[in-house]
Amino acid sequence: VSVLKGPREEIVYVPCIYRNTGRKKPDFLATVDVNPKSPHYCQVIHRLPMPNLGDELHHSGWNTCSSCFGDATKKRNRLILPSFISSRIYVVDVGTDLRAPRLFKVVNSEDVFWKCNLGYPHTSHCLGSGEIMISALGDPAGNGKGGFILLDGETFEIKGNWERGAKIPAMGYDFWYQPRHNVLISTEWGIPKCLGYGFDPNDLKKGRYGRRLNVWDWTTHTYLQAIDVGEDAAPLEIRFLHNPDAAEGYVGCTISSAIHRFYKTEQGDWAAEKVIQVPSKKVEGWLLPDMPGFITDILISLDDRFLYFSNWLHGDIRQYDISNTREPKLVGQVFVGGSITKGGPVTVCGDEELQSQPEPFFIQGTRVQGGPQMIQLSLDGKRLYVTTSLYSAWDRQFYPHLVKDGSVMLQLDADTERGGLTVNGSFLVDFGKEPDGPCLAHEIRYPGGDCTSDIWV
C-alpha cells in the first residue's frame, strides 16, 4: 500500500468537556487552526456549545465514509457526537461552514433508551449502506451491555439496534468492521455504573472490567465468538489494518497495558496473541503498588507501517514499526507528562525500562498536566496530534491539576523513514486559557476523515 496522498490538515475538531470540572458550562466542539501559515495557528477559532450541561462529549464520527465514496452524492458534512454520559447524540453541520460548525439535530437520550434499550454511546462509524452505527457500553440503568445503535444517514432518526439474535456481549466500547472478511469486532471497557464515577481498584477481580474481543457476523449481525485477552485487561481501542484485504489488526488493553494482535485463523474463526507488553512500574505514593502504563489510545498509520499508542499514566507515546505485524519494533518514544515525573508525589522503586524518573514536561513555559491520551496522525504520517484528557471523572481522580488547569493539545513529528518521535516545540493549544475557564479536550478529527475513522470496503 503506497502512502496515501491527501491535503495537509488545516483545521481539526476537538470535543471539549466541562463536566466534572466544577464549571457549570456545556461541553463544546472546538475548531482549532493547525495551519502553520495561518495567523491563528494553534488557536481555537470557533466554539459550538451544546444546548445541555453534563453531556461528556467523547468520540465523534462521520455521516459518510470512504465506504460510500463510490457515490458522488454523499458528502462528509455531518459530524456525529455521541454523549457518553447523557446518552444524547448530537449531529453537527460542518458542511455549511467548515470553520464554524453549527448544530443540526439532537437525538434525545429517551430515544436511545426506549428504541434500543441502550445507553452510554461511544464509537460512531458510518456504514456503506449510508447508515450510522454507534456502539454502547450499557443499558439505560448503567449495567454492562454490548449493543449498537443504528441511525438513518439522511434523517438521523434512530432505526433501532444493529445486533440481532439473543446472544449479546456483557459489555461494550469500541468496534471496527471489515466487510471483505464478513466481520465486526467490538471491545469491552467495563460496567458504566462502576467506572462512571472513577477507577476503584476494588472493582478489579470482580468481573466489572472487560476481558474480551467480541466477534460478530457482519452480514447477519449475530454474535459469534469471544476472544479472551485476560482478566481486567479492559481492551479499548481496536484498529484493523487499513488495507481492506487484511484480516488482522491490533487492540490496546488499558489496565493490563498490552497490545494484542488479532487475526483470522486458517479455520476461519478469529484469535489474538499478545505482541507488546508495557511493564508496570513498582511505585510508592500512588493508588496501587504497581502502576500500569495504561494504554488508552492506539492508531495505525494509513500505510499500515507504524503503530502508535499512548501510556496515559506512565506519560509516554510510542511508535512501533509493524512491517512484520507479529513482531512490532519500538522505534520512537517520547515522554510528555504522566504520573511518574520527578518531584511529584509518586516515587518509582522498580522500573524495567527507565534508569530514572522522567522530568516534568514543559512547553512554551507551560507545564503539561495529565498524560498523553487521544492521538491522531496526519494523512502523510508525519504529524501526530495528542490531547491529555481521558474522561472527566478519571481525570479528576488521577490528575486533579489537569481538571484545574485544563488540558492541552500537542503535536509530535514522526520520522516515517527510520522511525522516531520528537515534540514540535512551536505547537501548543492550551485549553486552560478558554474564555469560560479551563476545559478537557478529547478526541481529534480532521474534516476529511483520518486514520481512526476511515474503513475501506
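Go through (1) of a type outside the set (S, T, N, Q); (2) over 13 Å from Leu421 (Cβ atoms); (3) assigned to a loop (DSSP other than H, G, I, E, B); (4) touching a residue at least 40 places away in the same chain (Cβ under 8 Å) and name the single condition Val348 misses.
(3)
Only one of (1) of a type in the set (Gly, Ala, Ser); (2) more than 22 Å from Gln369 (Cα to Cα); (3) part of a strand (DSSP E or B) fails for Ser310. Which number is that?
So the condition that Ser310 fails would be (2).
Whether any residue in the stretch 171-182 is without any contact (Cβ under 8 Å) to a residue 40 or more places away in the chain, open to solvent by 10 Å² or more (accessible area, probe 1.4 Å) and farther than 20 Å from Gln225 by Cα is what I want to check.
no
Please work out which residue is modelled with the highest pLDDT, limiting yourself to the stretch 364-380 and to residues that are open to solvent by 10 Å² or more (accessible area, probe 1.4 Å) and touching a Leu at 6+ places or on another chain (Cβ under 7 Å).
The extreme case among them is Gln364.
Only one of (1) more than 25 Å from Arg164 (Cβ to Cβ); (2) buried (at least 18 other Cβ atoms within 10 Å of the Cβ) fails for Asp203. Which number is that?
So the condition that Asp203 fails would be (2).
Which condition does Arg8 not pass, out of (1) buried (at least 18 other Cβ atoms within 10 Å of the Cβ); (2) of a type outside the set (Asp, Glu); (3) modelled with pLDDT under 95, if it passes all the others?
So the condition that Arg8 fails would be (1).
Does Arg19 qualify as being within 29 Å of Phe427 (Cα to Cα) and either open to solvent by 60 Å² or more (accessible area, probe 1.4 Å) or modelled with pLDDT under 95 (or both)?
Numbers: within 29 Å of Phe427 (Cα to Cα): yes; either open to solvent by 60 Å² or more (accessible area, probe 1.4 Å) or modelled with pLDDT under 95 (or both): no.
Criteria not met by Arg19.
Does Lys115 satisfy the condition of being closer than 24 Å to Val457 by Cβ, among the basic types (Lys, Arg) and open to solvent by 50 Å² or more (accessible area, probe 1.4 Å)? I'd like the intermediate steps shown before the answer.
On the way: closer than 24 Å to Val457 by Cβ: no; among the basic types (Lys, Arg): yes; open to solvent by 50 Å² or more (accessible area, probe 1.4 Å): yes.
No.
If you go through the stretch 243-261 one residue at a time, how many are of a type in the set (S, T, N, Q), at pLDDT 95 or above and either more than 17 Å from the chain's Cα centre (by Cα) or open to solvent by 20 Å² or more (accessible area, probe 1.4 Å) (or both)? Spell out how you get there, then give the answer.
Pass one, the stretch 243-261, residues of a type in the set (S, T, N, Q): 243, 254, 256-257.
With the extra rule that they be at pLDDT 95 or above, the set shrinks to 254, 256-257.
Next, only the ones that are either more than 17 Å from the chain's Cα centre (by Cα) or open to solvent by 20 Å² or more (accessible area, probe 1.4 Å) (or both) stay: 256.
The qualifying residues number 1.
Residues that are at pLDDT below 95 and more than 22 Å from the chain's Cα centre (by Cα): does the stretch 96-117 have at least one?
Residues of the stretch 96-117 at pLDDT below 95: none.
Checking the stretch 96-117: not a single residue is at pLDDT below 95 and more than 22 Å from the chain's Cα centre (by Cα).
Could you grab me the full set of residues in the stretch 389-415 that are under 27 Å from Arg305 (Cα atoms) and open to solvent by 30 Å² or more (accessible area, probe 1.4 Å)?
Once the filter is applied, which keeps residues that are under 27 Å from Arg305 (Cα atoms) and open to solvent by 30 Å² or more (accessible area, probe 1.4 Å), the stretch 389-415 yields Asp413, Asp415.
Can we say Gln364 is in contact with a His (Cβ under 7 Å, 6 or more places away or on another chain) and over 17 Å from Tyr320 (Cα atoms)?
On the way: in contact with a His (Cβ under 7 Å, 6 or more places away or on another chain): no; over 17 Å from Tyr320 (Cα atoms): yes.
No; evaluated as a whole, the condition is false for this residue.
List every residue pair whose Cβ atoms sit under 6 Å apart, with the two residues 6 or more apart in sequence or on different chains, where the first one lies in the stretch 387-406 and is of a type in the set (Gly, Ala, Ser) and the second, anywhere, is assigned to a helix (DSSP H, G or I) and open to solvent by less than 10 Å² (accessible area, probe 1.4 Å).
Ser389/Asp395; Gly406/Phe431
When the stretch 128-170 is examined, which residues are found to be of a type in the set (D, E, K, R), under 22 Å from Ile455 (Cα atoms) and touching a Ser or Thr at 6+ places or on another chain (Cβ under 8 Å)?
Once the filter is applied, which keeps residues that are of a type in the set (D, E, K, R), under 22 Å from Ile455 (Cα atoms) and touching a Ser or Thr at 6+ places or on another chain (Cβ under 8 Å), the stretch 128-170 yields only Glu163.
Do we have any residue at all in the stretch 153-164 that's out of contact with any Cys (no Cβ under 8 Å at 6 or more places or on another chain), closer than 26 Å to Arg261 by Cα and not hydrophobic (A, V, I, L, M, F, W, C)?
Checked the stretch 153-164: at least one residue is out of contact with any Cys (no Cβ under 8 Å at 6 or more places or on another chain), closer than 26 Å to Arg261 by Cα and not hydrophobic (A, V, I, L, M, F, W, C).
Do you know which residues across the stretch 314-351 are open to solvent by 50 Å² or more (accessible area, probe 1.4 Å) and among the small types (Gly, Ala, Ser)?
Ser323, Gly343
Kindly establish whether Asp290 is among the charged types (D, E, K, R) and over 17 Å from the mean Cα position of the chain (by Cα).
Values: among the charged types (D, E, K, R): yes; over 17 Å from the mean Cα position of the chain (by Cα): yes.
The answer is yes for Asp290.
Find the strands (runs of 3 or more DSSP E) located wholly in the stretch 127-196 whose residues include 1 or more that are β-branched (Val, Ile, Thr), and list them.
Numbers: elements: 132-138, 148-151, 158-161, 175-178, 183-186.
Answer list for the stretch 127-196: 132-138, 148-151, 158-161, 183-186.
Regarding Ala272, is this residue touching an Asp or Glu at 6+ places or on another chain (Cβ under 9 Å), of a type in the set (A, V, I, L, M) and open to solvent by 30 Å² or more (accessible area, probe 1.4 Å)?
Numbers: touching an Asp or Glu at 6+ places or on another chain (Cβ under 9 Å): yes; of a type in the set (A, V, I, L, M): yes; open to solvent by 30 Å² or more (accessible area, probe 1.4 Å): yes.
So Ala272 passes the test.
The values are calculated or read from the model by the stated rules, or taken from the named source; none is laboratory data. Nothing here was measured: the structure is a model prediction, and the numbers come from that model. Cβ sites come from the backbone with ideal geometry, for glycine too, and all protein chains shown count toward neighbours. For the accessible areas, the whole protein counts, side chains as well, though only heavy atoms, and no ligand, DNA or RNA atoms are used. Shrake-Rupley method; radii C 1.70, N 1.55, O 1.52, S 1.80 Å.
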